[in-house]
Amino acid sequence: MQFGRYYEEFEVGAVYRHWPGKTVTEYDDHLFCLLTMNHHPLHLDAHYAETASQFKRNVVVGNYIYSLLLGMSVPDVSGKAIANLEVESLRHVAPTFHGDTIYGETTVLDKRESGSKPDRGVVSVETRGYNQDGTMVCVFRRKVMVPKREYAVSAAPDGIDPERPSFPEPR
């Protein structure tokens, strides 16, 4: 199974659909809020959300949805990354609620070889998150530094691709 891509494997315009999706539970949302010290009642207090918000129910904290989509994209985009260089933009375009299922996809926008190190390149991508109804809930753009295959393989002591090692045959 592939985990991430080398620079050469990215094609501008390619779209990677991330699987599986994730159904967001109240527990997920509350735990993330508490771990990150975001105690806003819109996320934690059902009575407050019902009586004082336009949605009449708790809204899942946006940074959890962003983190979920970022994690979903790792096997397709940044599994071999040397570094995540920057998040250029992040927009939450619709609310997510407890019980919604989030799906993600990433489009390769651009790629360029590093100007200072010949063993790597920078890939620009846009990741979009959708709920079970197909409504886009989150979109972000980022740049990822990834190795070139030839250098990764030649740097391995035995010349075997370090990301795709061979395993002993079962007996």
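Could you work out how far apart the two model spin labels at TYR151 and LEU34 are, taking each label as a point 7 Å from the Cα in the direction of the beta carbon, and quote it in nm?
In this crude label model, TYR151 to LEU34 measures out at 4.5 nm.
Fully extended, how many nm does the chain gain between GLU113 and ASP45 (0.36 nm per residue separation, minus their Cα-Cα distance)? Provide the component values of the computation, followed by the final result.
On the way: separation 68, 0.36 × 68 = 24.48 nm, distance 4.85 nm.
Contour length minus Cα-Cα distance gives 19.6 nm.
In degrees between 0 and 90, to the nearest 10, how far off the longest principal axis of the chain does helix 26-35 point, with axes built from Cα atoms?
Here the helix axis deviates by roughly 70 degrees.
At a 1.4 Å probe radius, which order do LEU69, LEU90 fall into by accessible area, largest first?
Ranking LEU69, LEU90 by accessible area, largest first, yields LEU90, LEU69.
Among the lysines, select those whose C-alpha is under 23 Å from the C-alpha of LYS143, and discard any that sit fewer than 8 residues away in the same chain.
Candidates past the 8-residue exclusion: LYS80, LYS111, LYS117.
Multiplying the sequence separation of THR101 and GLU126 by 0.36 nm and subtracting their Cα-Cα distance, what value in nm do you get?
7.0 nm
Once you keep just the Cα pairs under 8 angstrom separated by 6 or more residues, what percentage relative contact order results for the chain?
28
Quick one: accessible area per residue over segment 1-159, 1.4 Å probe, rounded to a whole number of Å²? Can you show the working numbers first?
Working: 8540 Å² over 159 residues.
Solvent-accessible surface per residue comes out at 54 Å².
Roughly speaking, to the nearest percent, how much of segment 1-89's 1.4 Å accessible area is carbon and sulfur?
56
What does a probe at THR135 reach in segment 70-94, counting residues whose amide N is under 13 Å from the point 7 Å along Cα→Cβ?
93-94
The values are calculated or read from the model by the stated rules, or taken from the named source; none is laboratory data. Just so it is clear, the structure is predicted and the values come from calculations on it, not from any experiment. When we count neighbours, we look across all protein chains shown, and the Cβ atoms used for this are built from the backbone with ideal geometry, even at glycine. SASA here: full protein model, heavy atoms, side chains in, ligands and nucleic acids out. Shrake-Rupley method; radii C 1.70, N 1.55, O 1.52, S 1.80 Å.
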